[in-house]
Each structure stands twice: as structure tokens, then as C-alpha cells.
Amino acid sequence: MPLLIALLALFIPRITILALYFLTNWFDAVFKTVLWPVLGFVFMPVTMLWYSVVYHWFGGHWDVVTLAGLVIAVIIDVAPSGIGRRRRRVVTVEEV
């Protein structure tokens, strides 16, 4: 069950991006080329969604609130990769 929850958490942003792309015109004016949405979909979907939210809801103006949201989105995207995760030291019988 925890594996299903983890997989669902990883795919919800991507499903949201696909739904917005196919059912609305949300991403039409945000990106000038196709490269950035594809890279955002594959590597950093939450950050891509936040960037488009800033473009639509905040008029593309970056201030403290929007930058804080960007930092949180990047942390959410990077966290599953294990960066910053400490490895536990395995104690063997000989060391004790």
C-alpha cells in the first residue's frame, strides 16, 4: 500500500499537466518552445506547474511569495531523488 501511495504522489503532477494540456489552453502562452514543457514534465513537474501558476495568477511577477513557492516546488521535485539523504552505517559483528 505505501508503494501505491508513493507512485500516486509521483504521478499526480504529471496527470495534472496532461489534463491541463489536453483539456484547456493553460500552457499556450507560458512557454515559447516545446522543449521546456517536455523537460518540466519529465524532470520537474511541480516546478513547471508553479511556473505556469505564477504566469497566470500573478501576472508573471516574481516577488517573495512566488519565489518561496518556487523554492518549495523545487524541493518537492528533488526530494524523491534522495539528495541529502544520509546513509546509515551498518555495524558488523567484528566492530562490536
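Considering every Cα-Cα pair within region 31-84, what fraction, in whole percent, is farther apart than 17 Å? Taking all Cα-Cα pairs of region 31-84, the fraction more than 17 Å apart is 39 percent. Take the Cα of residue 19, step 7 Å toward its Cβ, do the same at residue 57, and the gap between the two points is 1.5 nm. Between rounded, prolate and oblate, where does region 17-57 land on the alpha carbon gyration tensor, with a ≥ b ≥ c its root eigenvalues, rounded for a/c under 1.5, else prolate if a/b exceeds b/c? Because its axes are fairly even, with a/c under 1.5, region 17-57 counts as rounded.
No lab work stands behind these numbers, since they all come straight from the coordinates. Keep in mind it's a predicted model, so treat the numbers as computed, not measured. Don't worry about glycine lacking a Cβ; one is built from the backbone with ideal geometry, like all the others, and counts go over all protein chains shown.
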